[in-house]
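Some notes on the structure that comes next.
The values are calculated or read from the model by the stated rules, or taken from the named source; none is laboratory data. Since we're looking at a predicted model, the values are computed, not measured. Methodologically, a virtual Cβ is constructed for each residue, glycine included, from the backbone with ideal geometry; neighbour enumeration extends over all protein chains shown. Note: areas computed on protein heavy atoms with side chains; ligands, DNA, RNA excluded. Shrake-Rupley method; radii C 1.70, N 1.55, O 1.52, S 1.80 Å.
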There are 4 protein chains.
Amino acid sequence: MDTGRLEAFSDGVLAILITIMVLELKVPHGTDLAALRPLLPVTISYVLSFIYVGIYWSNHHHMLHVTEHVDGRVLWANLHLLFWLSLVPFVTGWMGENHFAALPSAVYGVVLLASALAYTILQQSIIARQGPHSRLARAVGHDRKGRLSLVVYLLAIPLAFVHPAISGALYVSIALVWLVPDRRIERILFDPLLGEAHAREAGD
Amino acid sequence: MDTGRLEAFSDGVLAILITIMVLELKVPHGTDLAALRPLLPVTISYVLSFIYVGIYWSNHHHMLHVTEHVDGRVLWANLHLLFWLSLVPFVTGWMGENHFAALPSAVYGVVLLASALAYTILQQSIIARQGPHSRLARAVGHDRKGRLSLVVYLLAIPLAFVHPAISGALYVSIALVWLVPDRRIERILFDPLLGEAHAREAGD
Amino acid sequence: MDTGRLEAFSDGVLAILITIMVLELKVPHGTDLAALRPLLPVTISYVLSFIYVGIYWSNHHHMLHVTEHVDGRVLWANLHLLFWLSLVPFVTGWMGENHFAALPSAVYGVVLLASALAYTILQQSIIARQGPHSRLARAVGHDRKGRLSLVVYLLAIPLAFVHPAISGALYVSIALVWLVPDRRIERILFDPLLGEAHAREAGD
Amino acid sequence: MDTGRLEAFSDGVLAILITIMVLELKVPHGTDLAALRPLLPVTISYVLSFIYVGIYWSNHHHMLHVTEHVDGRVLWANLHLLFWLSLVPFVTGWMGENHFAALPSAVYGVVLLASALAYTILQQSIIARQGPHSRLARAVGHDRKGRLSLVVYLLAIPLAFVHPAISGALYVSIALVWLVPDRRIERILFDPLLGEAHAREAGD
């Protein structure tokens with residue numbers, strides 16, 4: 001079974017997810033700037049989630065580019081990932097409409113964490129099929145960014161109850177780490193947090 | 001006429017169906033756990049339907065993989081299947097929002113039954129075109145899972161009026177039968193029900 | 001410019017149109033049969049429109065199958081067709097929710113008429129590019145079904161004000177003409193109406 | 001990395017955007033012509049945005065047709081364009097429902113301007129990758145239409161506060177410039193505005 005239709009279906013779902021989030025931006029009734037102001041938090045959470053879905057699409061694209069064949073297990077690992085991503089519009093709306101309250105911000109992190117785990121499972125399923133010397137296995141390597149993301153989401157969830165701005169800043173930072181292909185950003189943002197792990201992996 | 005565009009269109013419709021169901025998860029106004037609680041039944045019915053649409057996509061994918069050409073009849077048999085699947089978001093929402101009441105749970109089964117029949121018709125249309133010795137005809141064989149599903153849906157519909165939990169359990173069981181590619185599950189779950197038929201087919 | 005992406009984009013739009021119509025089937029609050037009854041007219045109009053969009057997809061599919069190249073004019077003729085079809089969910093909902101009242105039934109016919117004209121324009125644009133001896137030009141021939149549809153829609157629009165059931169019956173009949181690939185249906189349904197034209201074309 | 005999946009994903013997003021705008025056309029409750037009248041401004045803004053999304057799809061299609069490879073930068077420039085286009089349904093609804101009031105008409109122009117800038121950035125990213133002698137670089141040339149559009153949007157935004165009809169007329173004019181492949185239209189509509197620039201480029 002080749003990857004063509006898996007990609008087509010995933011593209012379809014991701015394209016719909018990235019687009020229906022905008023439906024949470026309800027058309028306001030007023031026509032002055034004051035009518036737009038209540039939309040600001042929803043817009044901010046929309047931008048964040050747009051970038052996250054974009055990152056998933058981009059990584060998914062790269063991963064399947066070095067994948068030759070898929071089996072039933074990969075197919076369901078992929079659907080599992082799409083399931084968690086399908087909850088992104090919901091948590092985006094909930095967090096935005098409630099001005100980044102504690103619980104919605106934490107639940108947003110739960111969905112990010114579950115999506116990241118599902119992505120890791122999908123990656124492992126493909127590597128399991130293609131072998132440890134496959135192009136994908138080598139490209140992934142130690143998957144530092146992936147592991148960093150998991151750790152940061154795990155921290156961001158409880159920290160939302162200290163102050164939601166902390167988890168917000170962590171979500172934005174991880175998005176930047178994926179968006180900007182430059183290790184220095186990771187070092188600046190997360191060295192105090194993961195410094196030792198970095199040091200240990202310096203030989204990567 | 002080759003299968004490319006039939007697959008693309010079906011992928012599109014299935015991707016949209018699997019995604020718009022999540023729109024039934026209305027963003028709650030509160031920000032505490034109590035605000036999420038009413039969403040629990042809708043979420044459960046969403047997960048079930050997500051898996052069912054995933055199963056249809058996966059089976060559809062495999063079926064068309066061993067199909068070489070399609071004609072007008074296959075095309076309409078495919079649209080007929082998509083029609084019944086397009087009602088899945090509606091019955092998912094109805095069943096979930098009413099906490100698995102009797103009638104919505106039964107109607108959910110009716111849509112599952114109609115979808116399964118439509119899938120069987122599509123399968124027969126393709127086999128009719130490709131001949132009884134085609135790869136698809138051999139892959140389908142006696143179609144035990146397909147027939148098992150039809151029988152169980154037929155039972156689950158009236159049983160919803162005895163107790164909706166019975167039909168709920170049956171819907172989940174059939175999803176597991178398709179999800180986990182292992183005959184033992186079928187035997188454990190449905191041998192008391194279909195034991196004799198199994199025995200007769202032991203030579204499969 | 002080849003037809004691949006034109007087909008992909010059209011498939012996307014048609015898949016979305018055929019699916020978002022189902023969003024007009026609002027999940028009812030009650031859980032008895034009485035709660036479903038108000039949905040009956042919406043469901044009927046949904047089924048009719050589902051078949052119509054299916055017919056357009058199927059015909060579009062066949063037309064582009066015998067098209068080799070497209071230019072800017074064809075591209076815009078295609079977008080023009082998609083525009084009119086994009087109004088189908090709106091008129092479907094309006095007609096269904098108002099129990100097939102006169103004006104909504106007539107406006108439904110206007111959208112069908114405009115879509116049929118747009119399809120004819122698209123067909124002519126492709127033939128203009130490919131020449132009168134192209135496979136498409138020969139396949140289309142006198143386009144009896146196309147012309148019959150235009151005439152019947154033109155009649156159905158004013159007849160909605162005599163009784164909406166008349167236009168309803170005409171819309172269903174044209175759907176059947178396209179659905180069932182058999183000239184006898186056309187003869188039985190429309191010979192009294194178009195008898196002479198048929199006679200004249202007997203040599204087709 | 002080839003362009004196939006980038007096109008598929010963009011087609012998906014654009015197909016959804018062009019289609020969900022029609023959801024702003026809320027089904028009216030009445031059944032007479034008076035019930036349709038309030039929909040007129042929404043319909044007009046829908047037609048305008050449908051044409052704009054169609055223009056973007058068509059230009060995107062042509063641009064990627066002469067693009068051979070894409071990298072991460074192109075991929076994100078493309079997502080950036082899709083982000084701004086994803087706001088089109090929102091501003092379309094806001095402008096239409098408020099009968100082309102000043103601020104919504106200006107904000108509509110802001111989204112058009114940002115989309116045009118995002119398109120220019122995407123174009124430059126591809127040219128940067130493919131080199132100044134690539135087919136795309138030569139096809140784009142001085143990109144007169146692109147620069148004209150940017151200037152006109154910049155003018156239309158403040159002019160909405162003089163009278164929204166002025167910006168409306170400017171948006172329609174730019175749509176026509178892209179729609180009709182004929183330089184004379186540009187000359188007739190915009191020569192008083194950009195006359196000198198045109199004169200200087202006469203040697204194009």
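Quick one: helix D:144-162 against the long Cα principal axis of chain D, what's the angle to the nearest 10°, folded into 0 to 90?
Tilt relative to chain D: about 30 degrees.
Which value, in Å² and to the nearest 10, is the accessible area of residue B:147 when all protein chains are kept and the probe is 1.4 Å?
Per-residue accessible area (residue B:147): approximately 110 Å².
Which distances in nm, rounded to one decimal and ordered from shortest, link the label point of residue A:163 to the equivalent label points in the other identical copies, with labels set 7 Å from Cα toward Cβ?
Spelled out, the distances from residue A:163's label point are 5.2, 5.2, 7.4 nm.
Just subtract the alpha-carbon distance of residue C:23 and residue C:142 from 0.36 nm times their residue separation and send over the number in nm, one decimal. Working shown, then result.
Working: separation 119, 0.36 × 119 = 42.84 nm, distance 3.83 nm.
Net length gain for the segment: 39.0 nm.
To the nearest 100 Å², how much accessible surface do chains C and B cover up together, summed over both, with a 1.4 Å probe?
For chain C against chain B, roughly 2700 Å² becomes buried.
Grab the other residues whose beta carbon is less than 13 angstrom from that of residue C:38, score K and R as +1, D and E as -1, and report the net.
Details: positive: C:26, C:37; negative: C:24, C:32, C:97.
Neighbour charge sum, excluding residue C:38 itself: -1.
Kindly state, to the nearest 0.05, the FRET efficiency for residue A:162 paired with residue B:43, given R0 = 35 Å and r defined as their beta-carbon distance. Walk me through the numbers on the way to the answer.
On the way: r = 28 Å, r/R0 = 0.79.
Calculated value: 0.80.
Copy-to-copy spacing for residue A:121, label 7 Å out on the Cα-to-C-beta vector, in nm, shortest first?
Distances to the matching label points in the other copies: 3.5, 3.6, 5.0 nm.
Once the Cα atoms of helix D:102-130 and of chain D are each reduced to a long axis, what angle between those two axes, in degrees from 0 to 90 to the nearest 10, is obtained?
20 degrees
Rank by packing, highest mean first: peptides B:104-113, B:55-64, with packing defined as the count of other Cβ atoms within 10 Å averaged across residues.
Values: B:104-113: 23.5, B:55-64: 19.7.
So the peptides B:104-113, B:55-64, ranked by packing, come out B:104-113, B:55-64.
Does anyone have the angle between helix B:40-65 and the longest principal axis of chain B? Alpha-carbon axes, 0 to 90°, nearest 10?
10 degrees
How many percent of the accessible area of chain A is carbon or sulfur, using a 1.4 Å probe?
Numbers: 5530 of 8530 Å².
After summing per-atom areas, the C and S share lands at 65 percent.
Can you work out the accessible area per residue across the stretch B:115-159, with the rest of the protein chains kept in place, probe 1.4 Å, in square angstrom?
Working: 2200 Å² over 45 residues.
With all protein chains present, the stretch B:115-159 gives 49 Å² per residue.
Report, as an integer, the average count of C-beta atoms from other chains found within 10 Å of each Cβ along D:96-103. Walk me through the numbers on the way to the answer.
Numbers: counts 1, 4, 6, 1, 1, 3, 2, 6.
Per-residue shielding by partner chains comes out at 3.
Separation between the residue D:73 and residue B:35 pseudo-spin-labels, each 7 Å from Cα along Cα→Cβ, expressed in nm?
Label at residue D:73, label at residue B:35, 4.3 nm between them.
Treating the point 7 Å from Cα along Cα-beta-carbon as the label, what are the nm separations from residue B:62 to the other copies, to one decimal?
3.3, 3.3, 4.7
Distance from the Cα centre of the stretch C:72-120 to that of the stretch D:1-57, in angstrom?
13 Å
Rounded, prolate or oblate for the stretch C:96-139? Axes are the square roots of the Cα gyration tensor eigenvalues, ordered a ≥ b ≥ c, and the cut-off for rounded is a/c under 1.5. Present the calculation step by step, with values, prior to reporting the outcome.
On the way: a/c = 6.10, a/b = 4.34, b/c = 1.40.
Taking the square roots of the gyration eigenvalues as a ≥ b ≥ c, the stretch C:96-139 is prolate.
Run the count for the protein assembly as shown, please: Lys pairs, Cα-Cα under 22 angstrom, 8 or more apart or on different chains. List each step's numbers first, then the result.
Values: A:26/B:26; A:26/C:26; A:26/D:26; B:26/C:26; B:26/D:26; C:26/D:26.
Taking the protein assembly as shown as the scope, the lysine pair count is 6.
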